[in-house]
Structure formats: structure tokens, C-alpha cells
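K.L.:
Input: one structure, supplied below.
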Amino acid sequence: MTKISFIVVAYNAAQSLDALLGDLLSQTIAPEQLEALLVDSASTDDTAQIMRRFAARAPFEVKLLENPKRWLASGINFIFIGAGLRNIPEELYESAAIDGAGYWKKLRNITLPCLSPTLFFQIIVNIINAFQSFTLVKLLTSGGPQEKTNLIVYSIYLDAFRNFRFGTAAARSIVLFVIIMVITLLQFSTEKRSVHY
């Protein structure tokens, strides 16, 4: 049997999901032929609850994708942190165990100091990526609802390529650059105290 799949980008709108469910059930399509993917673009607890209620009431298969930005970059983070953990010499843990150190002492005195360069790198890269979020906003919400998901990078895009205000877009991009540079410099200033090579 052929399945009819559809994707719904959910804002904080219980009524639209209820209307969608009513519309789908009023069609002559059998519920077992339908499957849905709900994408939470608003990233609020209300939206997540609305999506879960919709999934529980729907007589067809519903998959939930809650806050894609939260987990999208987690894969590369795990790869870097896993590589950093593998580079910690096992002899350090063995000598700490001989000296009677428990799990928390090993974590505080061996793991975190040895992993600090990797964590420092990950924090900088993730903060820069957070300021440069564009793709998810463009594809899922286009800045809506009511400009709640509009970010500075998306505003730069709208100014330059929709409204043709290149001067404003250039000024905003310079402001974004300065913000990212200030945050990165602040992180590098704390590096000497918290990162151990």
C-alpha cells in the first residue's frame, strides 16, 4: 500500500494542527495510508506539548522532530570530544587509582584539564555557529511566526536579497562580525586560566 507522507512545520499553533487533523480525516484517504513528520521550529515547551497531543490523537503514524537546532550539531561535538578523550593517556588514570583517587577526583584533575583544549575549541565553534544560523530559519520558518525566529543572519539576507538594501545588510554584517569577534576574544582571554595544554 502506498503511503502519503507530509511534513508540518509547527509553530505555537494548536488550532492549525487541530484544523489539519480535521481536514485530513475528512478526506477519503484511509488513515493507515498517511504518515506525518512534525517539525518544532518554535522550540518552546508549549509547541512540544501541542505536537505530542497531535501525535497521540492522530489515527496515523506521526514522527516528531523537536527543536532540530538543539541536536543538529551534536554529532560533530561527540566526534571531537570522543577523540579528545581517547588522547588522554591511560597511565594518568592508573597512577591516580594507585594514589586512591575516586571518579570525581579523576574527572576534575585529569579528564577536564586534558580535555580543556577540545572543549575550548568546541565552545568557540558552537557559539560562532549559533550566531550564523541561517539554513534552519530559511527552510523551516522564514522568520515567522511574527518574527519570533528571525535572526540577525536572516535579517541580513532579507535586507540584501529581498529588499535590496545592501548598505543596511553590510552594516548588520559588520555588527555581527564585531559581536562574534568580541565573544571570541573574551573566550581567548579566559583560555590562559582554564585551558591546559
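Every number here is computed from the coordinates shown, using simple stated rules; none is lab data. Values in this document were obtained by computation on a predicted structure and should not be read as measured data. FYI the Cβ positions are ideal-geometry reconstructions off the backbone, even for glycines, and counts take in every protein chain you see.
K.L.:
Using 0.36 nm per residue, how much length does the chain from Thr190 to Asn150 gain when fully extended, once their Cα-Cα distance is taken away?
P.N.:
Additional length available on full extension: 11.3 nm.
K.L.:
Assigning unit charges at the beta carbon (Lys, Arg +1; Asp, Glu -1) and nothing else, what dipole magnitude in debye, to the nearest 20, does the stretch 69-175 show about its Cα centre?
P.N.:
560 debye
K.L.:
Please check which bits of the stretch 174-197 a label hung off Ala96 would reach, taking the label as a point 7 Å along Cα-to-C-beta and the cut-off as backbone N under 19 Å.
P.N.:
Answer for the stretch 174-197: 194-197.
K.L.:
Now for a different question. Take the alpha carbon gyration tensor of the stretch 64-197, find the square roots of its eigenvalues, order them as a ≥ b ≥ c, and report rounded if a/c is under 1.5; if not, report prolate when a/b exceeds b/c, else oblate.
P.N.:
Since a/c reaches 1.5 and a/b is larger than b/c, the shape of the stretch 64-197 is classed as prolate.
K.L.:
Once a ≥ b ≥ c are taken as the square roots of the eigenvalues of the Cα gyration tensor of the stretch 95-154, is the result rounded (a/c under 1.5), prolate (a/b larger than b/c) or oblate (a/b not larger than b/c)?
P.N.:
It comes out prolate by the Cα gyration axes.
K.L.:
Related question: Using a/c under 1.5 as the rounded threshold, could you call the stretch 138-186 rounded, prolate or oblate? The axes a ≥ b ≥ c are square roots of the C-alpha gyration tensor eigenvalues, and prolate needs a/b larger than b/c, oblate otherwise.
P.N.:
oblate
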